[in-house]
1. Just how much of residue B:196 is accessible, in Å², when a 1.4 Å probe is used and the result is rounded to the nearest 10?
2. Treat every Asp and Glu Cβ in the range A:37-92 as -1 and every Lys and Arg Cβ as +1, leave all other atoms uncharged, and give the resulting dipole magnitude about the Cα centre to the nearest 20 debye.
3. Quote the accessible area belonging to residue B:25 in square angstrom, nearest 10, computed with a 1.4 Å probe and with ligands, DNA and RNA left uncounted.
4. In Å², nearest 100, what accessible area do chains A and B bury in total when the solvent probe is 1.4 Å?
5. Given a Förster distance of 41 Å, report the FRET efficiency between residue B:208 and residue B:299 from their Cβ-Cβ distance, rounded to the nearest 0.05.
6. Between residue A:77 and residue B:103, how many nm apart are label points set 7 Å from Cα along the C-beta direction?
7. Find the lysine pairs in chain B meeting two conditions, Cα atoms under 26 Å apart and a separation of 8 or more places or different chains, and report how many there are.
8. Can you tell which of B:138, B:182, B:19 lies farthest toward the positive end of the dipole of the protein assembly as shown, using +1 and -1 charges on the Cβ of basic and acidic side chains (Lys, Arg; Asp, Glu)?
Amino acid sequence: MRATRVPGEALARGHQATREAARPAGPQPAAHDPEAEGPPPTVGVLALQGDVLEHLRLLEAAGAHAVPVARTDELAAVDGLLLPGGESTTIGRLLELFGLRAPLQERLAAGMPAFGTCAGAILLGRATTLDDGTPSPQPLLGALDVVTRRNAFGRQVASFEADLDVGELDGAALHAVFIRAPWFEQLGPAVHPLAHVPTSQGEQAVVVRQGRILASAFHPELTGDARLHQRFVALVRQPA
Amino acid sequence: MSDQTPSQPATAPGAAPQVGTDRVKRGFADMLKGGVIMDVVDPEQARIAEEAGAVAVMALERVPADIRAHGGVARMSDPEVIEAIQAAVSIPVMAKARIGHAVEAQVLQSLGVDYIDESEVLTPADEAHHIDKQPFTVPFVCGATNLGEALRRIGEGAAMIRSKGEAGTGDVVEATRHMRAIAGEIRRLTTLAPEERYAAAKELRAPVDLVEEVAETGRLPVVLFTAGGVATPADAAFMMQLGADGVFVGSGIFKSGDPAKRARAIVEATTFAWDPQVVAKVSRGLGEAMVGSGIHTLESSERLAGRGW
């Protein structure tokens with residue numbers, strides 16, 4: 001069976017410099033020492049729809065072997081899975097349609113590490129609501145004990161970028177890009193909030209971790225800062 | 001629409017939050033990649049599109065095939081139509097402004113649309129200038145038939161490009177021509193010596209800095225979708241293989257026999273564009289495709305892709 005391909009690859013095909021040159025500027029991870037940590041873990045990026053290519057690049061930069069995942073056999077071959085931003089309704093529907101939702105839920109229940117960004121975080125949650133708090137019935141995975149509020153900050157005209165202090169990350173504040181972003185509500189007892197944004201409705205959690213599941217409301221792949229990807233790869237390496 | 005006031009972020013640690021930046025505008029288009037954006041004219045069609053897996057809808061009064069049939073001047077949609085569609089779905093809602101018509105764009109931004117399409121499908125309001133898109137908070141998508149046109153639009157502030165194709169025809173041949181033109185010109189730029197890029201910028205009539213960027217990266221600096229004539233799942237998959245990041249489908253869905261089924265099929269074929277078995281499976285039993293009109297039956301005055309400068 002042929003490996004899943006990613007939109008936009010065709011245009012870049014045959015241009016050897018592309019991957020290097022297109023790597024966004026920003027703090028890059030420290031040199032990786034494979035002998036100290038064993039072989040690189042294989043980390044998948046769910047490649048049904050959304051911002052896939054940039055996550056593959058940053059996971060590689062963080063020391064993982066990164067592969068797109070759109071089929072059950074590809075899912076079975078990864079040690080952890082990143083669920084990218086995109087449209088949560090679209091990705092959720094495609095998960096069901098192509099028979100990936102049940103096997104993905106099984107792997108998550110068995111402890112597979114996961115990292116959801118924006119739409120990916122919505123998919124990992126146990127429930128989601130519209131911006132006004134009314135429930136939004138849509139396919140979810142239910143692995144992360146939070147309720148997400150979709151488009152919580154407003155429509156695209158309210159999308160923003162800001163610096164955030166994120167727990168468990170070393171170094172300076174993380175520059176974060178929020179696009180029609182959700183936030184996390186009703187955090188379960190096992191869920192640790194790692195970053196907040198002050199809003200007119202109080203402090204809202206925008207990065208959370210529950211065991212080896214990480215979720216951010218924003219898009220770390222858009223700035224090229226690989227620290228959250230490094231944190232996730234460390235979680236994948238960490239024994240369950 | 002929800003009567004709740006959007007919750008504006010207050011000050012975060014460090015710099016104050018910034019809205020309407022290039023990164024926020026272009027980054028939104030990144031989230032649409034691998035997806036299908038569908039033209040809809042009412043809330044019912046918008047719900048069908050969302051249910052089928054569209055990543056966004058384009059709110060219109062008439063789809064391009066009907067604009068063609070109707071004739072006359074085509075303008076921005078009635079705000080009531082746009083607001084009704086915004087209220088019906090949770091996915092992003094886009095809307096079209098006439099080329100050069102800054103006030104239509106201001107109105108659309110005030111309605112809170114998520115993206116403005118400065119579109120040749122509507123009757124141009126300015127035959128020399130496009131909208132200065134930089135000052136807007138809302139991002140813009142613009143059409144292009146070649147790389148120079150795409151880079152001029154990006155220079156004006158477009159945060160997303162779509163190849164124009166020929167809207168409302170159901171004939172994919174112009175979309176193919178424009179995708180091949182853009183991709184071919186990008187490939188050519190990557191082969192030039194640095195000192196040859198200045199002459200290339202002159203030939204392309206495009207900003208030098210953008211020509212440099214494309215030559216270095218082998219990509220447009222923004223997401224590239226395709227549009228204009230996509231009518232079948234195979235058409236959509238073909239455009240993805242030519243290098244599109246995603247697909248706009250206008251008249252092709254709601255001018256067909258079974259819109260809900262065709263919409264789902266085009267979404268699935270876009271995701272699995274490189275898997276002929278999936279494209280074959282979803283292409284079965286879709287009913288009538290839009291009848292369409294071959295590009296060669298159109299008078300040059302009926303072609304929309306020539307609008308834009």
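The values are calculated or read from the model by the stated rules, or taken from the named source; none is laboratory data. Predicted model, so just to flag it, every value in this text is computed and none were measured. Cβ placement follows ideal geometry from the backbone for every residue including glycine, while neighbour counts extend to all protein chains displayed. Calculation scope for accessible area: heavy atoms of the full protein, side chains included, ligands and nucleic acids excluded. Shrake-Rupley method; radii C 1.70, N 1.55, O 1.52, S 1.80 Å.
1. The value for residue B:196 is about 90 Å².
2. Roughly 60 debye, rounded to the nearest 20.
3. 0
4. Approximately 5300 Å² gets buried when A meets B.
5. So the FRET efficiency works out to roughly 0.65.
6. Between residue A:77 and residue B:103, the simple spin-label model gives 5.9 nm.
7. Within chain B, the lysine pair count is 21.
8. B:182
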